[in-house]
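Below: the structure, in structure tokens.
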Ligand code: NAD
């Protein structure tokens, strides 16, 4: 993959400015990662509090870098000024590449992507950070699907090295090249994968989550499962991972996977993930999911 990525990126240059649509866990993380690699970022959301949270999370990460002696205060300030928060689509007009990272709902993404396309130039690349929704399905909302692909980061963005670059049926080679090149500029390891629900990583991860929720339905204690998986050597167990991803995001993604692979991904509506979602316990972002957070 690295060899292919090198070949592709020989001809294109990664942009110095990007747009990020959605300032949540992922949008905020992508904005921070871009800024810390010298890329100017316009970060747009529909809510001021989401923008404020995205900025404060970036500031927190920069403060950690200062504490560890990896960054000076003026350098951190310079990084922060790379991120321009915005509530308007117009601010994205001049960005050569926009990454959509709004909620994992196909209808919301389709509306957002269609609106975005009326704002950006015809040359701009549009990428989606969707976890599971097929690129071809979202591409149907666009007039120019050749400029569209998946750019799937993992959480937390600043720590996870992999980025899946997903090629839809109509995605052009140039679009893939630009996105691969951006992923490399952001210090990530891109893998180019073909389109399908869940792409590569979530085809592996969601059956694991399903096995976990099934065990809990069978009576296992989620804390015990987490402890065992950590003992096995994973950085966190499935319950903590679901709390980190966001119970709402995982729930929507699980729906897509179950609908797409009904023979493999049964969807028992009484499972613990659905119960937490229905109760509005969305994990770390709301302070309560499987676990309680301060
Ligand atoms: P989140 O709930 O933390 O943030 C979503 C943000 O989108 C919110 O700030 C919300 O205000 C904003 N938003 C909603 N509608 C909008 C609109 N019309 N225009 C602009 N902003 C809008 O969610 P997240 O975890 O950051 O997930 C975002 C995307 O990234 C999803 O597609 C998700 O599947 C994907 N993803 C999530 C993870 C993860 O671990 N959380 C990992 C990889 C990919």
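When we screen 185, 170 for residues that are touching a helix residue (DSSP H, G or I) at 6+ places or on another chain (Cβ under 8 Å) and modelled with pLDDT of 95 or more, the only hit is 170. In the set (1) within 15 Å of the ligand (Cβ to nearest atom); (2) surrounded by fewer than 17 Cβ atoms within 10 Å (Cβ to Cβ); (3) in a helix (DSSP H, G or I), the condition left unmet by residue 26 is number (2).
Quick one: which helices (runs of 4 or more DSSP H) sit completely within region 63-179 and have at least 3 residues that are without any contact (Cβ under 8 Å) to a residue 24 or more places away in the chain and either more than 16 Å from the ligand (Cβ to nearest atom) or under 14 Å from the mean Cα position of the chain (by Cα) (or both)?
Correct list: 73-80.
Taking region 202-288 and the helices (runs of 4 or more DSSP H) fully enclosed by it, the elements with 1 or more residues that are within 14 Å of the ligand (Cβ to nearest atom) and not assigned by TED's automatic domain parsing to the domain that holds residue 24 are at 238-245, 247-260, 272-278.
Criterion first (part of a loop (DSSP other than H, G, I, E, B) and surrounded by 13 or more Cβ atoms within 10 Å (Cβ to Cβ)) does residue 199 satisfy it? Answer is yes for this residue.
The values are calculated or read from the model by the stated rules, or taken from the named source; none is laboratory data. Computed from a prediction, not measured in an experiment: that's the story for all the values here. Cβ coordinates were reconstructed from backbone atoms using ideal geometry, including for glycine residues, and neighbour counts include every protein chain displayed.
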